[in-house]
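See structure below.
The values are calculated or read from the model by the stated rules, or taken from the named source; none is laboratory data. Just so you know, these numbers come straight off a predicted model, no measurement behind them. Please note: Cβ atoms are built from the backbone with ideal geometry, for glycine as well, and neighbour counts cover all protein chains shown.
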Amino acid sequence: MVRCYHGLGDTIQFARFLPPLRRLAGEVIVWCQGELLPLIAEVQGVDRALPLHDGTPDVEFDVDIEIMEIPHAIRASREEVTMCRPYLTAPRCGGLMETTDGKALSVGLVWDVGSWDRRRVVPCRLLQPLNRAGVQLYSLQRGPAAYGAAELRATDISTPEISELAARLQQIDLCVCPDTMVAHLAAALGRETWIMLHTDCDWRWPASGHQTFWYPTVRLFRQRVPGDWRDVVMDISAAIFEKAQRSRAGSDGPYRKMERSGVPTDGENCGR
């Protein structure tokens, strides 16, 4: 039985280790946050998924483990750590969201986060440079900070349902957000995701560089000065302009490059 006692993003990130765990276990039961049940239940290697609650689960098991302890317990190889294909599957949804002219680059935004580590919050007003010609902004922001969508002239497509959020992330070209659950969700789905990091970023991200072996479709944008997001937003604005230009020219994104390189883009992760 796999216990998911940490955050939603932690559960999503470490769900990649459920398939190799299943190769060692007769059955894998995941006791996870209720919001993630529809997604985790579909991860390859999961026999049953149960909603997390206080107390103990009403299920028989021989061994229990916390999900973030799995890589240590199974002595995970580099191949099992590195994601080379999406391991989450979003539910199908009906029809694509409309953009302003049918050709604009669709960009989903999150700028505010939970109470843990407020250094990750990006003031909404600083994201104004992302609203440019050839780009359609969509707000994925939840909570009191969602009012900023109107200030950014972003279409609100936020939802409290994580499985529905996954479906909506499949419909946009790019997700831009701080280090939060949405970043892990989008990246685990194989969507292009740009993550804004403060100078003293979390342990899971490298100390330098723009890439991470956790997710091949992620690009990291870092503060140069503690607390100052302006350079980060300017870098992203320039990169979005370049991406919009390539999109109009029919160029491919990183997920398409995964396909061209011969890396499978469906099924479980490459540790199989």
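Below, the figures for the structure above:
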read-out: Qualifying position, being at pLDDT below 95, outside the structural domain of Pro216 (by TED's automatic domain parsing), over 23 Å from Phe213 (Cβ atoms) and not small (Gly, Ala, Ser), among His6, His53; value: His53
read-out: Filter result for Ala145 (in the same structural domain as Gly227 (by TED's automatic domain parsing) and in contact with an Asp or Glu (Cβ under 6 Å, 6 or more places away or on another chain)); value: yes
read-out: Complete set of residues in the range 179-209 that are small (Gly, Ala, Ser) and either surrounded by 16 or more Cβ atoms within 10 Å (Cβ to Cβ) or within 18 Å of Val225 (Cβ to Cβ) (or both); value: Ala183, Ala186, Ala187, Ala188, Gly190, Ala207, Ser208
read-out: Any hit, the range 190-207, residues being among the polar types (S, T, N, Q) and in contact (Cβ under 8 Å) with a residue 40 or more places away in the chain; value: no
read-out: Condition check for Thr89: hydroxyl-bearing (Ser, Thr, Tyr) and outside any loop (DSSP other than H, G, I, E, B); value: no
read-out: Residues of the range 119-152 that turn out to be closer than 23 Å to Met181 by Cβ, surrounded by fewer than 15 Cβ atoms within 10 Å (Cβ to Cβ) and in contact with a strand residue (DSSP E or B) (Cβ under 9 Å, 6 or more places away or on another chain), as a count; value: 0
read-out: Unique residue being in the same structural domain as His198 (by TED's automatic domain parsing), closer than 16 Å to Ile236 by Cβ and part of a loop (DSSP other than H, G, I, E, B) when the list is Val122, Val113; value: Val122
read-out: Residue, nearest to Thr82 (Cα to Cα), within the range 1-42, restricted to residues that are under 16 Å from the mean Cα position of the chain (by Cα) and among the small types (Gly, Ala, Ser); value: Ala15
